[in-house]
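Trainee: So that we are looking at the same thing, I have put the structure below in structure tokens.
The values are calculated or read from the model by the stated rules, or taken from the named source; none is laboratory data. Note that this is a predicted model, so its numbers are computed, not measured. Backbone-built Cβ (ideal geometry, glycine too); neighbour counts: all protein chains shown. Quick note on the areas: whole protein, heavy atoms, side chains included, nothing else; ligands and nucleic acids left out. Shrake-Rupley method; radii C 1.70, N 1.55, O 1.52, S 1.80 Å.
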Amino acid sequence: MEKQYGDYFNLSHVESSSHIYGPGKRFVVWFQGCALACNGCWNKEMWSFKDKLLVQREQLLDRILNTSNIQGVTFLGGEPLHQSSNLWWLIRKIREHSDLTIFLFTGYEQEELESQNNFSNILEFCDIVTLGRYQEDSRNTNQQWIGSDNQSVLYPDNSREAGQPENINQVEIIIEDNESIRILGFPDDMLINEILN
Ligand code: SF4
């Protein structure tokens, strides 16, 4: 299911520096819009396909390429593959102009990806892919890069990344200049209480 925004991406938000969505320090892009509707999804505010943060694809490419000291770029959401034409363009450009590795989180299963050209092209150009719907009854917050046990972490044939996910729950706390706090990842209730009190 492709959603068209011309040569713009419809995004939820971006982080130019994060350490919990793949190996090393990474630029992270959350896409806006997901039709897969997994039960218990933690990102329901990213289901809507209405315009949220429209970013011209050249501008996003420039911003990524001009971010220093990152190892790679991670795409998640929402569902990045609902904007697969622009994503395919962006991944090719990143690989053409840099050594940054590509990590894609998608709710699609491997068979679904392999049956569609755009998806299989993207898959081949990724270094790591987390695949599969989120299943609430198999929720797992203690392993990196998955949300539930049914999901798998795939390293396509030409992957340049070898690091395997570890059995840990990673949380990132970002304190902005105005002292507001943002929490990335899935902290347990005890940690949230400690942070807020
Ligand atoms: S694929 Fe991801 S964003 Fe979409 S419904 Fe499932 S868990 Fe939520």
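Trainee: Could you list which residues have their amide H under 5 Å from that of residue 56, counting only those 5 or more apart in sequence or on another chain, with H placed in the peptide plane?
Mentor: Answer set, sorted by chain and number: 9.
Trainee: Calculate one ³J(HN,Hα) per residue across region 132-148 by plugging θ = phi - 60° into the Karplus curve 6.51 cos²θ - 1.76 cosθ + 1.60, and present them in order as whole Hz with x for glycine and proline.
Mentor: Here the 3J(HN,Hα) series is x, 5, 7, 10, 4, 6, 10, 3, 9, 9, 10, 10, 4, 6, 10, x, 8 Hz.
Trainee: Once neighbouring chains are kept in place and the probe is 1.4 Å, which whole percent of the accessible area of the chain is contributed by carbon and sulfur?
Mentor: 43
Trainee: Something else about it: Which links in 25/52; 3/44; 52/93 stretch past 21 Å when you go from one Cα to the other? Can you show the working numbers first?
Mentor: Numbers: 25/52 26 Å; 3/44 18 Å; 52/93 24 Å.
Table pairs above 21 Å Cα-Cα are 25/52; 52/93.
Trainee: For region 37-124, compute Rg over Rh where Rg is the Cα radius of gyration and Rh is the Kirkwood radius from the inverse mean 1/r over Cα pairs.
Mentor: 0.97
Trainee: For the chain, state the semi-axes of the equivalent ellipsoid (square roots of 5 times the eigenvalues of the alpha-carbon gyration tensor), sorted largest first and rounded to whole angstrom.
Mentor: Square roots of five times the eigenvalues give 24, 20, 18 Å.
Trainee: Then there's this: Go through 14, 142, 130 and say which Cα lies farthest out towards the positive end of the charge dipole of region 8-169; charges sit on Cβ, +1 for Lys and Arg, -1 for Asp and Glu.
Mentor: It is 14.
Trainee: Output the antiparallel fraction of DSSP beta bridges having both residues in region 8-169, as a percent to the nearest 5.
Mentor: Of all bridge pairs located within region 8-169, approximately 50 percent are antiparallel.
Trainee: If R0 is 30 Å, what FRET efficiency do you get for residue 155 and residue 96 from their C-beta distance, rounded to 0.05?
Mentor: 0.90
Trainee: Over the chain, calculate the relative contact order: mean separation of alpha carbon pairs under 8 Å at least 6 apart, over the residue count, as a percent.
Mentor: Dividing the mean separation by the residue count of the chain yields 18 percent.
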